[in-house]
Amino acid sequence: DAKTTQPTSMDCAEGRAANLPCNHSTISGNEYVYWYRQIHSQGPQYIIHGLKNNETNEMASLIITEDRKSSTLILPHATLRDTAVYYCIASGGGADGLTFGKGTHLIIQP
Amino acid sequence: DSGVTQTPKHLITATGQRVTLRCSPRSGDLSVYWYQQSLDQGLQFLIQYYNGEERAKGNILERFSAQQFPDLHSELNLSSLELGDSALYFCASSVGQGRTEAFFGQGTRLTVV
């Protein structure tokens, strides 16, 4: 898996869009960008993944730059329940699991 | 609810003992992954099975072993337990072997005393 770099922590006001950046400058052509989050010692929760194109689902949007060296996860209307550690992972989907880094601790402020 | 079931939720045992953690994957998922999460190490990949066969090994100690049964449930066996094995152990499942999202269970919290 390619190395990813994320800010250690971020704050966002409730009701606002939370934009979480991720740098993956060494990503290779067959590696997808995955986002997971973990709410205080619960099991990690899948959010979204993509290869080249921007993706949207009921939870979030994923914006991948054209050169694929960075991406942004957008939570459109953050709530207090979105407070969690968010992990960005670049993975070729091999059978060796996902490599979780330290992630970004997102704190939603009331 | 991810659909992945792990039992037990909590386990307290003494050093030197052996325990078995169980995981039932989501219906239809053929891959099972095991992860360990301790306070100082973050989420570490241990091992993966696909349709009953071991497919990948990560940072799994020789004292640990796993298997996936014909009904696709999986067990992680931890033996000669040490204090440092205290951690959260997560199981995840996915449909295929890669390029698909993985769904995690709620974990087993193991405390070795």
Of the residues A:H77, A:N19, A:H105, the Cα lying farthest along the dipole of chain A towards its positive end, which is defined by charges on the beta carbon of Lys, Arg, Asp and Glu, belongs to A:H105
For the stretch B:1-44, evaluate the Debye formula with one uniform point scatterer on each Cα (no solvent term) and list log10 I(q)/I(0) at q = 0.16 Å⁻¹, rounded to two decimals.
-> -0.60
Name the lysines eligible as straight-distance cross-link partners of A:K52: C-alpha to C-alpha under 25 Å, and not fewer than 8 places from it in the same chain.
-> A:K3, A:K69, A:K102
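Considering all projection directions equally, how large on average is the shadow of the alpha-carbon convex hull of chain B, in square nanometres? Could the numbers behind the result be given before it?
Working: hull surface 25.8 nm².
For chain B, averaging the hull's shadow over all directions gives 6.4 nm².
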The answer for the per residue Cα convex hull volume of the stretch A:14-108, in Å³, is 94
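Under a 1.4 Å probe, what is the accessible area of chain B per residue, stated in Å²? Walk me through the numbers on the way to the answer.
Working: 5420 Å² over 113 residues.
Value returned for chain B: 48 Å² of accessible area per residue.
At 1.4 Å probe size, with every protein chain present, just tell me what the per residue accessible area of chain A comes to in Å².
On the way: 5460 Å² over 110 residues.
Solvent-accessible surface per residue comes out at 50 Å².
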Could you quote the convex hull projected area for the protein assembly as shown, Cα atoms only and averaged over all directions, in nm²?
-> 12.0
Given a 1.4 Å probe and the protein chains all in place, what does the accessible area of B:V95 round to, in Å² to the nearest 10?
-> 80
Interface A/B, total buried accessible area with a 1.4 Å probe, nearest 100 Å²?
-> 1600
Can you tell me the relative contact order of chain B? Whole percent, Cα pairs under 8 Å, sequence separation 6 or more.
-> 37
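Ignoring ligands, DNA and RNA, what percent of the 1.4 Å accessible area of the protein assembly as shown is carbon and sulfur? The partial results should precede the final answer.
Details: 5220 of 10880 Å².
Its accessible area is 48 percent carbon and sulfur atoms.
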Write out the GluC sites (Glu not before Pro) in the stretch B:1-100 meeting two conditions: DSSP loop, and at most 12 other Cβ atoms within 10 Å of their Cβ.
-> B:E62, B:E82
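Among the GluC sites (Glu not before Pro) in the stretch A:1-107, which ones are in a DSSP loop with at most 16 other Cβ atoms within 10 Å of the Cβ? Mind listing them? Mind showing how you got there, number by number?
On the way: sites: A:E14, A:E31, A:E55, A:E58, A:E66; in loops: A:E14, A:E31, A:E58, A:E66.
Hits after loop and neighbour filter: A:E14, A:E58, A:E66.
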Counting only the heavy atoms of the protein chains, how much of B:R109 is accessible to a 1.4 Å probe, in Å² to the nearest 10?
-> 100
Please give the net charge around A:G15, taking every other residue with its beta carbon less than 15 angstrom from that of A:G15, where Lys and Arg add +1 and Asp and Glu add -1.
-> -1
Please report, in debye to the nearest 20, how large the charge dipole of chain B is about its Cα centre when each Lys and Arg carries +1 at its beta carbon and each Asp and Glu carries -1 there.
-> 80
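The values are calculated or read from the model by the stated rules, or taken from the named source; none is laboratory data. For clarity, every value in this text was computed on a predicted model and none was experimentally measured. Every residue, glycine among them, receives a Cβ derived from its backbone with ideal geometry; neighbour counts consider all protein chains shown. Accessible surface areas use protein heavy atoms only, side chains included; no ligands, DNA or RNA. Shrake-Rupley method; radii C 1.70, N 1.55, O 1.52, S 1.80 Å.
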